[in-house]
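The structure appears below as structure tokens.
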Amino acid sequence: MLRVPNYDLASQYVSSQNPTNSDTMKKIFLLAAMFVPLILAGSSMAADVAENWTKHCASCHGKDGKGQTKAGRMAGVKDQTDAQYQAGLKDDKMFTSIKEGLKDGAKEKMKPFKDKLSDDEIKALVAQVRSLKK
Ligand code: HEC
């Protein structure tokens, strides 16, 4: 979103060129058309995972995944940077836990996020948790 000014720069550049030189104009338009979506896609994807983590997960798991928050200690979250803990996790199980929630008998440990997050967002969060391993 924030990169839109790049596009404006490109169009300014185009309008400063000789308007009869349509080849140059075409090339510049093509370049702009190719790059703008790439830049937008790249930046919004990266922001989403971090944003989702902060918004939905960090209250319990902590920004750093160590779970050293008040809610985290109460809920009994494990240290996600711990290699041994990570070794016991399975990607597809993590995915289901985030999507459908996690229960300990009747007690809910983690609520389901399927109404708040898309499958792709959940996949990105699984990768995010994996990246926390020391
Ligand atoms: C209400 C507190 C709370 C929130 C909010 C929360 N979790 Fe959890 N989460 C837990 C608890 C408790 C566990 C079980 C203990 C553990 O494995 O740390 C858990 C377990 C997990 C696991 C391991 C699942 C498994 O299969 O063993 C993953 C992965 C996870 N959480 C990711 C997330 C993500 C991603 C979010 C945000 C979308 C999130 N959690 C939000 C409390 C929470």
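Scan Q80, Q84, Q68 and give me the residue that is at pLDDT 80 or above and within 11 Å of the ligand (Cβ to nearest atom).
Numbers: Q84 fails: within 11 Å of the ligand (Cβ to nearest atom); Q68 fails: within 11 Å of the ligand (Cβ to nearest atom).
Going through Q80, Q84, Q68 in turn, just one is at pLDDT 80 or above and within 11 Å of the ligand (Cβ to nearest atom): Q80.
Yes or no: M25 out of contact with any Gly (no Cβ under 9 Å at 6 or more places or on another chain) and more than 8 Å from the ligand (Cβ to nearest atom)?
Details: out of contact with any Gly (no Cβ under 9 Å at 6 or more places or on another chain): yes; more than 8 Å from the ligand (Cβ to nearest atom): yes.
The answer is yes for M25.
For segment 52-102, how many residues are of a type in the set (F, W, Y) and within 23 Å of K114 (Cα to Cα)? Spell out how you get there, then give the answer.
Within segment 52-102, the subset of a type in the set (F, W, Y) is 53, 85, 95.
Narrowing further to those that are within 23 Å of K114 (Cα to Cα): 53, 95.
The number of residues fulfilling the criteria is 2.
What number of residues within segment 96-129 are more than 9 Å from the ligand (Cβ to nearest atom) and in a strand (DSSP E or B)?
2
Filtering segment 43-97 down to residues that are touching a Ser or Thr at 6+ places or on another chain (Cβ under 7 Å) and buried (at least 16 other Cβ atoms within 10 Å of the Cβ), which residue is nearest to K111 (Cα to Cα)?
Among them, the one singled out is C60.
The values are calculated or read from the model by the stated rules, or taken from the named source; none is laboratory data. Keep in mind the model is a prediction, meaning the values are calculated, not measured. Here the Cβ is made from the backbone with ideal geometry for all residues, glycine too, and neighbour counts use every protein chain on show.
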